[in-house]
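A short write-up of the structure that comes next.
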Amino acid sequence: MSHHIIQANNLKYTYPDGRQALNGVTFQIQHGESVGIVGANGAGKSTLLMHLVGILFPDEGEISVGEVPVIKKTLPVIRQSVGMVFQDPDDQLFMTTVYDDVAFGPRNYKLPEGEVEKRVKSSLETVGILHLMDRPPYKLSGGEKRAAAIATVLAMKPDILVMDEPSSALDPKSRRRLITLLKRFTHTKIIASHDLDMVLELCERTIILNNGQIITDGTTLDILANEELMEKCGLEMPLGLQGCPVCGAKKAT
Amino acid sequence: MSNMIASLYNIRLLDELAEKRTIIHNIHPLIKVLTTCVYLIVVVSFNKYELSGLLPLVFYPVIIIALADIPIVPLLKRMLVVAPFIIGIGLFNPLFDHSPMVVLPWIQISGGWISFFSILLKGVLTILAALVLIATTGMTRIAAALGMMRVPRVFILQLLLTYRYISVLIEEVGRTVRAYSLRSRGEKGIRFSDWGSLTGQLLIRTLERAQRVYHSMCCRGFAGDYNVGSEKRIQIGDILYFTGWGLYFVVIRYFNIPAAIGSLITGV
Ligand SMILES: Nc1ncnc2c1ncn2[C@@H]1O[C@H](COP(=O)(O)OP(=O)(O)OP(=O)(O)O)[C@@H](O)[C@H]1O
Ligand SMILES: [Mg+2]
């Protein structure tokens with residue numbers, strides 16, 4: 001597992017109620033790449049990410065992480081190397097204090113308590129909520145919860161970071177902090193987001209999903225600057241690439 | 001309506017209390033669980049006419065509540081929820097059991113009433129002891145203590161997840177009720193015709209949410225053990241705590257102290 005290549009091959013998934021959420025998704029992500037996954041609401045982004053950590057299993061096709069297929073039997077190995085931040089932070093916080101919540105993962109891997117404390121404090125510090133350490137998570141604001149949820153995953157020191165809309169509900173400063181932090185994270189990152197400016201800043205590669213299918217897969221700058229393509233997928237060019245709304249000057253790209 | 005939501009959200013109060021730092025909170029979880037077990041056994045072992053013998057057992061929860069700085073009102077509110085059941089169990093005793101019993105030399109009451117009150121007292125004491133244990137220890141640490149007592153993992157996990165599920169359920173109830181009340185033009189309560197769809201919704205939503213929570217636990221390496229971090233060693237103080245209460249309970253079990261004092265005073 002030294003090279004964490006992620007390989008998805010013709011993934012198909014239909015929810016039990018008959019809604020087909022993935023319809024033949026194929027891609028390969030090399031070690032150290034950072035990939036943005038964008039697409040309109042209901043495009044299948046969350047569904048795809050859930051396949052990466054084995055919460056859902058494809059009806060057809062297969063997916064593997066570092067040559068290990070994602071199946072029930074390999075989940076412990078997979079989950080040790082892939083850390084996932086869920087779309088809804090409430091799902092990720094379930095202990096009585098923020099500290100315990102962040103410590104939950106490292107403790108499961110039986111790390112010595114000193115090491116656990118170090119990891120918890122440094123992850124809370126990175127997301128900027130060290131001062132909330134002793135608060136119960138369900139009493140935090142939406143953005144604080146989001147930050148705590150990200151910290152829970154950082155404390156696991158994953159090789160691959162999978163995030164479902166990490167910047168939603170964050171205030172500009174926390175969003176900036178998150179982007180800076182993610183830039184420093186040199187392992188593989190996969191980020192599903194509607195925050196296209198963040199995708200532009202963080203990911204050199206972008207995959208556009210629409211109705212459970214990959215529409216394009218290529219260099220972020222090329223894709224996000226393609227107005228026609230973006231329009232077609234129900235998206236909009238990131239502000240950073242649009243003309244200045246005041247003086248009308250086109251931004252140089 | 002907002003009142004109801006506020007009290008629903010209070011469900012986690014016990015968890016929050018458990019994070020306090022008092023003498024009682026600092027006692028080793030295993031010791032507290034064991035002490036509570038002994039207490040429960042002693043309370044239950046009294047027969048139904050031994051009302052006066054039970055009285056000294058009231059001191060245990062009272063002292064712990066005082067030392068652990070637990071607010072009494074929320075605790076009593078939680079007791080009220082179970083009170084109807086206890087009363088229901090004992091209700092018919094006074095009707096059917098008229099045998100006269102001597103409480104103190106100058107007072108006679110029918111055996112039915114005595115057994116009614118002793119059931120009531122036993123119920124209150126056992127529930128109070130359990131609540132106090134949770135409020136001073138916390139569910140996760142209780143689970144760890146049960147693990148040390150070699151209780152099978154399946155049961156412990158069941159206990160923990162059920163406990164989590166209750167708060168998930170109640171939070172969903174809170175959200176649903178709030179969303180409903182915002183759109184129901186100030187009506188009080190929930191219209192009967194909407195009950196069916198609301199409860200159905202709730203069930204599905206909580207199940208899904210519980211599942212997502214469980215998934216996120218698994219994603220972080222959860223394999224059936226709740227780890228609560230540094231395990232404290234059992235210390236001299238803990239052992240003293242246990243033997244102290246243990247002795248007290250045993251003495252109360254075998255000597256009816258209130259009766260002894262009563263007879264001392266009346267000189268019989
Ligand atoms: N639990 C579920 N049961 C049935 N259908 C579902 C379920 N979850 C999602 N879907 C459907 O699957 C499709 C893909 O959903 P998904 O959550 O992956 O979208 P998404 O791209 O993450 O959208 P968003 O940007 O809104 O988060 C949607 O059409 C949705 O209605
Ligand atoms: Mg989504």
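The values are calculated or read from the model by the stated rules, or taken from the named source; none is laboratory data. A quick note: this is a predicted structure, and the numbers were derived from the prediction, not measured. Positions of Cβ are backbone-derived with ideal geometry, glycine not excepted, and every protein chain shown enters the neighbour counts. All accessible areas refer to the heavy atoms of the entire protein, side chains included, with ligands and DNA or RNA removed. Shrake-Rupley method; radii C 1.70, N 1.55, O 1.52, S 1.80 Å.
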Discussion item. Taking the criterion of being within 14 Å of chain A (Cβ to nearest Cβ), among the charged types (D, E, K, R) and over 29 Å from the mean Cα position of the chain (by Cα), would at least one residue in the stretch B:200-207 satisfy it?
Written reply: no
Fill in: Qualifying positions in the stretch B:9-48 - without any contact (Cβ under 8 Å) to a residue 24 or more places away in the chain and either on the phi > 0 side of the Ramachandran plot or surrounded by 15 or more Cβ atoms within 10 Å (Cβ to Cβ) (or both)
B:16
Discussion item. So, in the stretch A:23-34, how many residues would count as being within 15 Å of ligand 1 (Cβ to nearest atom) and either touching a His at 6+ places or on another chain (Cβ under 6 Å) or modelled with pLDDT of 95 or more (or both)?
Written reply: 0
Worksheet item: Given the residues B:91, B:51, which is the only one that is open to solvent by 60 Å² or more (accessible area, probe 1.4 Å), more than 23 Å from residue B:163 (Cα to Cα) and not aromatic (Phe, Trp, Tyr)?
Response: B:91
Response to the item:
Flagged in the stretch A:69-91 as within 16 Å of ligand 1 (Cβ to nearest atom) and either part of a strand (DSSP E or B) or of a type outside the set (Phe, Trp, Tyr) (or both), in numbering order, are A:84, A:85, A:87, A:88, A:89, A:90, A:91
Discussion item. Can you say whether residue A:112 is within 16 Å of ligand 2 (Cβ to nearest atom), open to solvent by 10 Å² or more (accessible area, probe 1.4 Å) and at the interface with chain B (Cβ under 10 Å from one of its Cβ atoms), as far as the supplied structure shows?
Written reply: no
Worksheet item: Any residue in the stretch A:62-73 that is open to solvent by 60 Å² or more (accessible area, probe 1.4 Å), in contact (Cβ under 8 Å) with a residue 60 or more places away in the chain, away from ligand 2 (no atom under 16 Å from the Cβ) and closer than 27 Å to residue A:221 by Cβ?
Response: no
Worksheet item: Tell me, which helices (runs of 4 or more DSSP H) wholly within the stretch B:108-219 include 3 or more residues that are closer than 30 Å to residue B:87 by Cβ and in the same structural domain as residue B:34 (by TED's automatic domain parsing)?
Response: B:111-137
Item to complete: Report the residue count in the stretch A:44-68 for those that are away from ligand 1 (no atom under 14 Å from the Cβ), away from chain B (no Cβ under 14 Å) and in a loop (DSSP other than H, G, I, E, B).
Response: 2
Response to the item:
By my count, helices (runs of 4 or more DSSP H) wholly in the stretch A:132-222 with at least 3 residues that are within 14 Å of chain B (Cβ to nearest Cβ) are A:142-154
Worksheet item: Any residue in the stretch A:87-95 that is buried (at least 18 other Cβ atoms within 10 Å of the Cβ), over 30 Å from residue B:19 (Cα atoms) and within 9 Å of chain B (Cβ to nearest Cβ)?
Response: no
Item to complete: Specify which of the listed residues (A:122, A:141) is at pLDDT below 90 and more than 16 Å from ligand 2 (Cβ to nearest atom).
Response: A:141
Worksheet item: Residues A:154, A:182, A:229, A:202: which one is more than 16 Å from ligand 2 (Cβ to nearest atom), under 17 Å from residue A:34 (Cβ atoms) and modelled with pLDDT under 90?
Response: A:182
